[in-house]
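This report concerns only the one structure given below.
Every read-out reported here was derived from the displayed coordinates using simple, explicitly stated rules and does not represent laboratory data. All of these numbers come straight from a predicted model, not from anything done at the bench. Please note: Cβ atoms are built from the backbone with ideal geometry, for glycine as well, and neighbour counts cover all protein chains shown.
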Amino acid sequence: MILGASLQGDTVHDVQAPIHPHFDPLAGGASRPLSDVPALAERAADLLRTPGALLDLTPTEAASLVAQMRLMHFGPGVTLFREGDGARLDHLLLVLDGEVSIEVGVGGGLAPVAISVVGPGSVIGEMALLDGAPRSASCTTVSAVQAAALSRHGLEALIDQQPRVAVKLLIGLGSRTAERLRALGEQLQMYAGVVERQQQQIDRLHSGRAAG
């Protein structure tokens, strides 16, 4: 999304162009270097150094990572990543401001389940960036969102220029992914139990009507 542009539904009003299903927000001038906005660059560096980030970065290391990131703006209701999408796997997002809903499909024709709503300091989209597999969840903006994007190209540049920082980043992302997967497994088990109990109640009602 172009800096300063607002998004409503699927249209960027500054350019009057619909978002294609495989639109790449990091291409074609749709973003700008995060370092162009010093206040947001400093905010990103601070968020990367919080205990929850699990990156263990020094201020200098955080600044070197921020130097590889690009600033993104999204309006509410925008799908940032779609579960199963195998086309847009080349970037992750650090949420700077706003909230994003994370949803996963549970199968059986049921609607996707919102497993969490994340805000500033949260990193989303890292699994596909690391392993190249299709997106494991859908991420949709709940409000207007500012985010810092790290592309695969930016990650490769970081590996070349600051290998120590890159190692810390990859270890931290791996730890976050493991935590998220454990939490997701627990939530899906709880949801599956609720669905099973509801189905049992429905079956009992049907059996009672048949017997009557």
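Remarks
- Protection-proxy order for peptides 71-84, 131-144, each taking the mean of Cβ atoms within 10 Å per residue, highest first: 71-84, 131-144
- For the stretch 45-108, the spherically averaged projection of the C-alpha convex hull amounts to 6.1 nm².
- FRET efficiency, V37 to A111 (Cβ-Cβ, R0 41 Å, nearest 0.05): 0.60
- Label-point separation, L54 to Q201 (7 Å along Cα→Cβ), nm: 3.6
- A Förster radius of 35 Å combined with the Cβ-Cβ distance from A87 to V167 puts the calculated FRET efficiency at roughly 0.75.
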